[in-house]
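Enquirer: Okay, handing you the structure first.
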Amino acid sequence: MRAGLLALLLVPASVAAQEDPCGGVQFTAGRIVTGRIITPENAASAETEACLRHVAELVQARRTVRAVTVATRVPDDVRPAGTALPLAELVAGKLVTAGLGKNMVSAVAPRTEAAETSAVVQLSYTERPPETPIARVVLVDGDVTIGENKAERGGDLRPGDTLSTGDHAVAVMQLADGSSLRVLGGSVVKLESLTMNAKKQRRGVMVMDHGVVEADVPAGERGADFRIQTPVGTVEGDGATFRLTVDDGGARVEVESGKVDLLGKRELTVEDGTASRLDDKGKPLQPRPLLVAPAPAGPLHGPATAPVMMRFSVVEGASGYRVQLSRNASFSDELTVVSSETNEVALPQTVTSGRWFWRVSAVDKDGYEGSPSRIHAFSVPGT
């Protein structure tokens with residue numbers, strides 16, 4: 001635990017920076033320095049209130065902060081007037097109104113230091129040590145963020161972090177227990193916790209509001225679990241490889257290997273090679289077999305001749321097909337996804353020259369996606 005000082009320094013309001021109401025904010029060596037100080041004359045102003053709202057947002061972004069103390073320091077000759085503590089309480093109240101917890105903020109009126117000749121309002125904070133990372137981003141392709149910051153390969157994720165992917169983006173997280181989570185475009189996943197007890201039993205919890213993830217969770221010791229909470233229920237898998245899709249219709253899971261438990265209105269186990277879902281009321285539906293993988297017919301290797309058409313076998317029970325193209329065989333670089341109602345797909349115009357890998361899966365009438373085909377590669381000649 002360490003303490004830092006948040007100092008609000010005075011400059012005329014007319015020179016406040018346009019970027020924020022504090023006239024610029026810097027976090028430096030445990031201090032926040034802003035372009036505005038609080039005095040008895042301006043404490044109740046709209047400008048000061050806006051600045052305090054901004055400071056509160058910045059403090060909230062530092063999840064390790066446990067407490068904030070507002071201190072009004074006044075010279076001894078002014079102290080008998082009794083204005084110091086009310087001013088500190090006023091500022092503390094504005095921070096609470098701005099979103100900081102009431103039990104998190106306190107107000108005091110200590111004596112001034114020797115160099116201080118006028119009233120000064122300071123904010124000090126106490127924080128706990130940074131939490132140990134529980135995951136690492138091992139791949140980023142496209143628009144991927146952690147909180148409000150751009151995600152980068154090799155970046156750490158800690159408890160409470162939220163990873164979001166934009167349309168057509170892909171991110172892969174490697175968790176501390178060896179689990180891998182591939183997050184596809186348009187997804188939001190929050191890491192709540194990942195712990196190991198004395199018996200090496202894993203307890204992993206994530207929250208997923210919407211999107212698609214492909215999880216590969218190694219088997220833990222007996223009693224271990226790995227949970228993804230959704231708006232309609234919980235998906236629990238240990239020693240399983242599965243795909244989870246969360247949308248307005250509920251939570252759909254397709255299990256490639258192992259087994260997954262759906263915990264909604266009642267509990268249901270989904271075995272490998274089958275799929276099920278929790279509907280929008282949390283009711284689990286009867287599992288069904290996954291559709292078999294289509295057999296790619298071409299192009300299978302080498303240069304492709306224009307116009308390029310990706311062809312594959314018809315799968316009984318399929319209402320459509322999903323073709324994935326990527327620059328690599330892990331389908332994590334320039335991923336392009338094309339849906340088709342027939343067993344052939346024209347090469348999208350966004351696919352440029354060079355080597356491309358592709359695979360295809362069948363989708364049934366209810367949106368369940370079957371196992372993917374074997375991966376093939378071809379090259380697109382340059383123009």
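Enquirer: I'd like to know if the range 68-86 contains one or more residues that are in a helix (DSSP H, G or I), among the aliphatic types (A, V, I, L, M) and either at pLDDT 85 or above or surrounded by fewer than 13 Cβ atoms within 10 Å (Cβ to Cβ) (or both).
Expert: yes
Here is a yes/no grid of residues against (1) of a type outside the set (Asp, Glu); (2) in contact with a Lys or Arg (Cβ under 6 Å, 6 or more places away or on another chain):
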| residue | (1), (2) |
| --- | --- |
| 248 | no, no |
| 261 | no, no |
| 272 | no, no |
| 282 | yes, yes |
| 285 | yes, yes |
| 292 | yes, no |
| 319 | yes, yes |
| 325 | yes, no |
| 329 | yes, no |
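Enquirer: Name the strands (runs of 3 or more DSSP E) wholly inside the range 265-383 in which the number of residues that are of a type in the set (D, E, K, R) is 2 or more.
Expert: Hits in the range 265-383: 267-271, 354-363.
Enquirer: Something else about it: Surrounded by fewer than 19 Cβ atoms within 10 Å (Cβ to Cβ), within 14 Å of the chain's Cα centre (by Cα) and not aliphatic (A, V, I, L, M): which single residue out of 124, 180, 164, 193 fits that description?
Expert: After ruling out the rest, the residue left standing is 193.
Enquirer: For the range 232-256, name all the residues that are part of a loop (DSSP other than H, G, I, E, B) and under 20 Å from the mean Cα position of the chain (by Cα).
Expert: Matches in the range 232-256: 232, 248.
Enquirer: Looking at this structure, is residue 229 outside any strand (DSSP E or B) and not acidic (Asp, Glu)?
Expert: Criteria not met by residue 229.
Enquirer: Also, I was wondering about something else. Inside the range 1-24, can you point out the residues that are surrounded by 17 or more Cβ atoms within 10 Å (Cβ to Cβ), farther than 17 Å from residue 98 by Cα and modelled with pLDDT under 80?
Expert: Result: 4, 16.
Enquirer: Output the residue which, of all residues in the range 352-365 that are without any contact (Cβ under 8 Å) to a residue 40 or more places away in the chain and surrounded by fewer than 18 Cβ atoms within 10 Å (Cβ to Cβ), is nearest to the chain's Cα centre (by Cα).
Expert: 357
Enquirer: Which residue, of 28, 64, is among the β-branched types (Val, Ile, Thr), over 17 Å from residue 89 (Cβ atoms) and without any contact (Cβ under 8 Å) to a residue 24 or more places away in the chain?
Expert: Going through 28, 64 in turn, just one is among the β-branched types (Val, Ile, Thr), over 17 Å from residue 89 (Cβ atoms) and without any contact (Cβ under 8 Å) to a residue 24 or more places away in the chain: 28.
Enquirer: Considering only the range 43-60, I want to know if a residue exists there that is β-branched (Val, Ile, Thr) and surrounded by fewer than 16 Cβ atoms within 10 Å (Cβ to Cβ).
Expert: no
Enquirer: So which residues in the range 257-306 are under 29 Å from the mean Cα position of the chain (by Cα) and closer than 30 Å to residue 352 by Cβ?
Expert: If the condition is that a residue be under 29 Å from the mean Cα position of the chain (by Cα) and closer than 30 Å to residue 352 by Cβ, then no residue fits.
Enquirer: Go over the candidates 266, 277, 252 one by one and state the one that is without any contact (Cβ under 8 Å) to a residue 24 or more places away in the chain and of a type in the set (D, E, K, R).
Expert: It is 266.
Enquirer: Could I ask something else about it? Need pairs with beta-carbon distance below 6 Å; first residue more than 13 Å from residue 329 (Cβ to Cβ) and within the range 367-383, second among the charged types (D, E, K, R) and exposed (fewer than 15 other Cβ atoms within 10 Å of the Cβ); sequence gap 6+ or separate chains.
Expert: Qualifying pairs under 6 Å: 379/355.
Enquirer: Out of 115, 135, which single residue is among the hydrophobic types (A, V, I, L, M, F, W, C) and at pLDDT below 85?
Expert: Answer to the check: 115.
Enquirer: Could I ask something else about it? How about the range 331-351: which of its residues are at pLDDT 90 or above and exposed (fewer than 11 other Cβ atoms within 10 Å of the Cβ)?
Expert: Those that are at pLDDT 90 or above and exposed (fewer than 11 other Cβ atoms within 10 Å of the Cβ): 339, 341, 342.
Enquirer: Which pairs have Cβ atoms under 6 Å, sit 6 or more apart or on different chains, and link a residue in the range 133-145 that is under 15 Å from residue 168 (Cβ atoms) to one that is in a strand (DSSP E or B)?
Expert: Here the result reads 139/172; 140/171; 141/170; 144/165; 144/171; 145/164, each pair linking the range 133-145 to a residue that is in a strand (DSSP E or B).
The values are calculated or read from the model by the stated rules, or taken from the named source; none is laboratory data. What you see is a predicted model; the values in this text were computed from it and never measured. Here the Cβ is made from the backbone with ideal geometry for all residues, glycine too, and neighbour counts use every protein chain on show.
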